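Written below as structure tokens is the structure these notes are about.
The values are calculated or read from the model by the stated rules, or taken from the named source; none is laboratory data. Predicted, not measured: the structure shown is a model, and the values here were computed from it. Cβ placement follows ideal geometry from the backbone for every residue including glycine, while neighbour counts extend to all protein chains displayed.
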Amino acid sequence: MFEVLTDWTVNNHTGMVSVTYFEELTGITQVRSDWNTFLTGLLGSLSTVTSYVVRTTGRQLQEEDGQILGIWSDGTARTGVGTAAPQTWSDATQALIRWRTASVVGRRFLQGRTYVPGLAQNVVLAGDLTTTLVTDWGAKAQAFAAANNGFVIWHRPTPKGPGIPGNNGDGRAESVVAGSVWKETAVLRRRRL
């Protein structure tokens, strides 16, 4: 599978990264184009001091054990800049897109999250995202999840769990079947790469 990293910059602060995984159904050029199209649809709610860059190189991983199989490369620039007023919320105040699969691992549905920083001030009302943003981004997330573009959530390999159904220790990459947006702002406390 392809690991695709997206770097975010908000008001000249860097170091924010979104990590996504895709099955190798169509090739990395199409994967990056599809992901960029999705992110471009969010720019109207992000401030003009917010930008993203989808990296042009990355790792190909084996889902069962996380071993690196190779490196992918695609030289086409995939970037975007927010278009809303430049006032932004703090870096810790982010939108949370929730991704769901139909698979159960260790008695829980396998789910993923994408945190989006750089929200414009006019899309947060009394600590919650506006209904307009939740509806708009939710529809875009659902459409992206339904697009059969190879988007997956990867459950990393773990030690075998005796007595836990579905946990044989292997990693699993499962197709995303639904996307939604949480109405409250979210804080991302740590990222795993």
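Residue check: is Thr83 crowded, with 20+ Cβ neighbours inside 10 Å, closer than 22 Å to Val123 by Cβ and of a type in the set (Ser, Thr, Tyr)? Quick ask: steps written out before the conclusion?
Values: crowded, with 20+ Cβ neighbours inside 10 Å: no; closer than 22 Å to Val123 by Cβ: yes; of a type in the set (Ser, Thr, Tyr): yes.
Here the answer is no, as Thr83 does not meet what is asked.
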Complete set of residues in region 94-109 that are surrounded by 18 or more Cβ atoms within 10 Å (Cβ to Cβ) and modelled with pLDDT under 90: Val105
In contact with a strand residue (DSSP E or B) (Cβ under 8 Å, 6 or more places away or on another chain), more than 13 Å from Gly118 (Cβ to Cβ) and in a helix (DSSP H, G or I): does that describe Arg59? no
Might you check whether a residue that is touching a residue at least 12 places away in the same chain (Cβ under 8 Å), over 24 Å from Ala143 (Cα atoms) and surrounded by fewer than 20 Cβ atoms within 10 Å (Cβ to Cβ) occurs anywhere in region 45-54? yes
